[in-house]
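Beneath this line is the structure, given in structure tokens, with notes to follow.
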Amino acid sequence: MKNSMTRRRAALMLGSAALASQVSVVPAWAQSPSGKPLRIIYGFAPGGGDVLSRAITDELGVRLGRPIVFENKPGAAGSIGLEMVAQSPPDGDTLGVLAITTLLNYAALGKPFDVDKITPISLMWENYNVLVINPEFPGLADVRNLQGLLEAARKRPEGLNYTSAGIGGTGHLIMEWIVGRAGVNMVHVPYKGSGPATVDLLGGQLGVMMTDASNASQYIRSGKLRPLAVSFAQRAPDLPQVPTIAEQGFPDIVATPWVMLVGPAKLPAEAAQRIAREMGQVYTSQRLADRLAMANAIPRPTTPEESRAIVVRDFTNWRRVVSEYKIKVD
């Protein structure tokens, strides 16, 4: 027994030493000759996604051996913060958080997005939107899937209203994509955020909402809201009983909101690759995994090459959708 305990202590000491060496051995670019902490710029106000972004970048800082300074720079759907990142020197002292919301803003306004002005590094997490209804809203009691909702809309000459967190967001654009393809009349009633929109949905002022999963999950569990479809490529792990939009007659409508870590243009490839590798390891933290699960966020670290391809793909797709269905955002 004594020998067994001794061996276990030795193994633990060796493991701790190996971990310590992994954290302390940091390449020159990550050590920052200026001695500055790693600055993370987040282009939105505090609350919501910045909670997860802070948690993830804090873990990243531990792995890189650098303290993190997290700065909120809200404005223009994240564009102001992203521009600050783009204009920073590529010395490894400044990184930023790019949300797909920012790409949607560019696409919806018909503005070009130059991926070369930044260095995509790794996805931080993916999420999904869920289409929900208030089953107590007039005419929706028997609606249990997407096609049923579209039929209910067709029966109303004046159309059926729906809401989202705001103009140009994922909820708005996904719904316009659906109703454009289906040829039905549904009118968008935008709100400034998911919170007030959800209040009026629960209160019966509106019957339909496309929203992020974390906003709707507690009301789905309580039965106050009924989920009809998710925008993910496959069924969501926490809502396996809810079919995707693609399963319900729209095979090409797949929309995955995501958040990505990026750097300035011309960030050295070594730096981007090292950060991406460490991003792949931060999710081994059980505390972080639990926080992501509570927010219905799905970790999906990617390589810089994969990250760049995602940005180009999604911007091109959303620009096409906005143009094809003449979606208005003003």
If you go through segment 237-260 one residue at a time, do you hit one that is open to solvent by 60 Å² or more (accessible area, probe 1.4 Å), in a helix (DSSP H, G or I), closer than 30 Å to Leu146 by Cβ and among the small types (Gly, Ala, Ser)? no
May I ask you to verify whether Arg300 is touching a residue at least 24 places away in the same chain (Cβ under 8 Å) and either more than 17 Å from Asn127 (Cβ to Cβ) or open to solvent by 70 Å² or more (accessible area, probe 1.4 Å) (or both)? yes
Got a sec? Which of Arg300, Arg287 is in a helix (DSSP H, G or I) and either of a type in the set (A, V, I, L, M) or under 15 Å from Ile56 (Cβ atoms) (or both)? Arg287
Residues within segment 86-124 that are modelled with pLDDT of 95 or more and part of a strand (DSSP E or B), tallied: 12
Identify all residues within segment 187-218 that are open to solvent by less than 50 Å² (accessible area, probe 1.4 Å) and of a type in the set (Val, Ile, Thr); write none if there are none. Val189, Thr198, Val208, Thr211
So, first residue touching a residue at least 60 places away in the same chain (Cβ under 8 Å) in segment 191-204, second residue open to solvent by 40 Å² or more (accessible area, probe 1.4 Å) and of a type outside the set (D, E, K, R), Cβ within less than 7 Å, six or more apart or across chains; the pairs are Leu202/Tyr219
Just the residues that are more than 27 Å from the chain's Cα centre (by Cα) and assigned to a helix (DSSP H, G or I), please, taken from segment 151-185. Glu151, Ala152, Ala153, Arg154
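The values are calculated or read from the model by the stated rules, or taken from the named source; none is laboratory data. Computed from a predicted model, the values in this text were never measured in an experiment. Please note: Cβ atoms are built from the backbone with ideal geometry, for glycine as well, and neighbour counts cover all protein chains shown. For the accessible areas, the whole protein counts, side chains as well, though only heavy atoms, and no ligand, DNA or RNA atoms are used. Shrake-Rupley method; radii C 1.70, N 1.55, O 1.52, S 1.80 Å.
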